[in-house]
Amino acid sequence: MGTPMEETPVAGIEEVVKLRIVSRPEFIRKVREIIDELGQKMGFASRKIGELKLAVNEAIANIFKHAYKNQTDKPIYLYFVAKPQQIEIVIRDFGTRPEPGQLKTRDLNQLEDRGLGLLFMKKYVDDLSFDFSQKVGTQVRFVKLKE
């Protein structure tokens, strides 16, 4: 449940790590450890690894809170794809999907303690996309470039 389901080298160029966790906060640490290990193995700067961890951490926290309404037994699938100059992470949940209008960053001049997650996700990765094409849930894709 908190361990990689499969680790498969693809044509010697890509490495794909698949992970299934449930919606409990203690599993976020495992996800961060995988990002650390993968980023170090690929020679990413520690700053870039930290940014990717922050963005992914925020996405998972949003899944816990918004998609699964703090239920602690719901599945989340993560796919870590190592390519020569980038790390791609895809996160898939099966919860309540956000309304398209909800996916916007807020004005930083507003004095609120919430609503910064999407801003951080966009700021700390090179590409961020959402896929709502499945009947249930959401898929989020992050790309972090090495250089």
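The values are calculated or read from the model by the stated rules, or taken from the named source; none is laboratory data. Here the structure is a predicted model, which is why all the values come from computation and not from measurement. As a convention, Cβ positions derive from the backbone with ideal geometry for all residues, glycine included, and neighbour counts pool all protein chains shown.
Observations, loosely collected:
Let's see how each residue does on (1) modelled with pLDDT of 95 or more; (2) of a type in the set (S, T, N, Q); (3) out of contact with any Asp or Glu (no Cβ under 7 Å at 6 or more places or on another chain):
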{"site": "A59", "(1), (2), (3)": "yes, no, yes"}
{"site": "T72", "(1), (2), (3)": "yes, yes, yes"}
{"site": "I89", "(1), (2), (3)": "yes, no, yes"}
{"site": "E99", "(1), (2), (3)": "no, no, yes"}
{"site": "D113", "(1), (2), (3)": "no, no, yes"}
{"site": "F120", "(1), (2), (3)": "no, no, no"}
{"site": "D126", "(1), (2), (3)": "yes, no, yes"}
{"site": "D131", "(1), (2), (3)": "no, no, yes"}
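- Positions within the range 55-86 being part of a helix (DSSP H, G or I), buried (at least 16 other Cβ atoms within 10 Å of the Cβ), of a type in the set (A, V, I, L, M) and touching a residue at least 40 places away in the same chain (Cβ under 8 Å), in sequence order: A55, V56, A59, I63, A67
- Any hit, the range 42-50, residues being modelled with pLDDT of 95 or more, closer than 21 Å to K18 by Cα and assigned to a helix (DSSP H, G or I): yes
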